[in-house]
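Below you'll find the structure, written out as structure tokens, and then a few comments.
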Protein chains: 2
Amino acid sequence: MINTASAQPVFRALADPTRREIISMLAVGARPVGEITDAFDITRPAIAKHLRILEQGGLITVEVKGRERINRLNPQALKTASDWLNYFEAFWDERLANLKTVVEDKK
Amino acid sequence: MINTASAQPVFRALADPTRREIISMLAVGARPVGEITDAFDITRPAIAKHLRILEQGGLITVEVKGRERINRLNPQALKTASDWLNYFEAFWDERLANLKTVVEDKK
DNA sequence: ATAACATAAAACCTTATGGTTTCACTTTAT
DNA sequence: ATAAAGTGAAACCATAAGGTTTTATGTTAT
């Protein structure tokens, strides 16, 4: 299975609702800090902090373009979290299958 | 897409490494609080708090059995998080496909 | 050259989080 | 009946997290 420790920066980044909304926004297209800030009711420094955490989790990449910082979603990083989760979904399916087998056997 | 707000208790529960380890442990089989505690270096009340948060996120269900509380994984709840993530994986695949198309067109 | 822009960085504040210790309460075993 | 086991709950503590305001810095436009 996926290592719990290595998944930490990703799950940490995903834990905050504002950060998840930023991810949604960046899915539509890359954006500079100010433009992202406009969509929220919090200050730019607060957004900048969220972006840093997203970057640490590998969820976004930043391209410095003159005085702007273009933030771009890196959806591949979401796979780390997805893989971790999917392991258990598989597990669940297996259990369902086993349960079904037991039920079938009782017939 | 999956609502960001409704996903909050799940993502919050997943954010802590101890809680993710508890999930891994419960995937093997349901366990009472004390047995879970034995596997960690923290106190029982700390584990109990983690279990409460997992319960709030719908990730476990608790069956009170005499003086014991049996904690059982509810892997279906992981689907909430998984669905949220998969939306973006699909998005990424689409972009990859588009990019590929552009590249193909240039030939 | 200078003003406006986009942003980072630092200092600070409040609340949430993860942990502990202590105490109380049921349930089971003797 | 009494002791032990399994747990919850409360009080408390230190640190992390999310936010703000203020100050500084490099970049673009006039």
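Take the residues of region B:1-31 that are of a type in the set (S, T, N, Q) and assigned to a helix (DSSP H, G or I): which is nearest to A:Met25 (Cα to Cα)? Please lay out each step first, then the result.
Here is the first cut: in region B:1-31, the residues of a type in the set (S, T, N, Q) are B:3-4, B:6, B:8, B:18, B:24.
Imposing the further condition that a residue be assigned to a helix (DSSP H, G or I) reduces the set to B:8, B:18, B:24.
On the way: B:Gln8: 17, B:Thr18: 30, B:Ser24: 32 Å.
Within region B:1-31, the match that is nearest to A:Met25 (Cα to Cα) is B:Gln8.
Among the listed residues A:Gly29, A:Gly57, which satisfies the condition of being among the small types (Gly, Ala, Ser) and over 9 Å from A:Leu73 (Cα atoms)? Reasoning before the result, please.
On the way: A:Gly29 fails: over 9 Å from A:Leu73 (Cα atoms).
Of the residues listed, the single one that is among the small types (Gly, Ala, Ser) and over 9 Å from A:Leu73 (Cα atoms) is A:Gly57.
Of the numbered conditions (1) loosely packed, with under 15 Cβ neighbours inside 10 Å; (2) more than 14 Å from chain B (Cβ to nearest Cβ); (3) within 19 Å of A:Met25 (Cβ to Cβ), A:Gln76 satisfies every one except a single condition; which is it?
(2)
For residues that are at pLDDT 95 or above, closer than 23 Å to B:Val10 by Cβ and part of a helix (DSSP H, G or I), tally how many sit in region B:32-76.
Residues meeting the conditions: 13.
Residues of region A:6-55 being of a type in the set (D, E, K, R) and more than 11 Å from DNA strand C (Cβ to nearest atom), which ones?
A:Arg19, A:Arg20, A:Glu21, A:Asp41, listed by residue number.
Please work out which residue is nearest to DNA strand D (Cβ to nearest atom), limiting yourself to region B:10-58 and to residues that are among the basic types (Lys, Arg) and within 11 Å of chain A (Cβ to nearest Cβ).
Kept after step one, since they are among the basic types (Lys, Arg), are these residues of region B:10-58: B:12, B:19-20, B:31, B:44, B:49, B:52.
So of that shortlist, the ones also within 11 Å of chain A (Cβ to nearest Cβ) come out as B:12, B:19-20.
Working: B:Arg12: 9, B:Arg19: 14, B:Arg20: 15 Å.
Across region B:10-58, the extreme among qualifying residues is B:Arg12.
The values are calculated or read from the model by the stated rules, or taken from the named source; none is laboratory data. The shown structure was predicted, so the numbers you read here are calculated from the model rather than taken from an experiment. Every residue, glycine among them, receives a Cβ derived from its backbone with ideal geometry; neighbour counts consider all protein chains shown.
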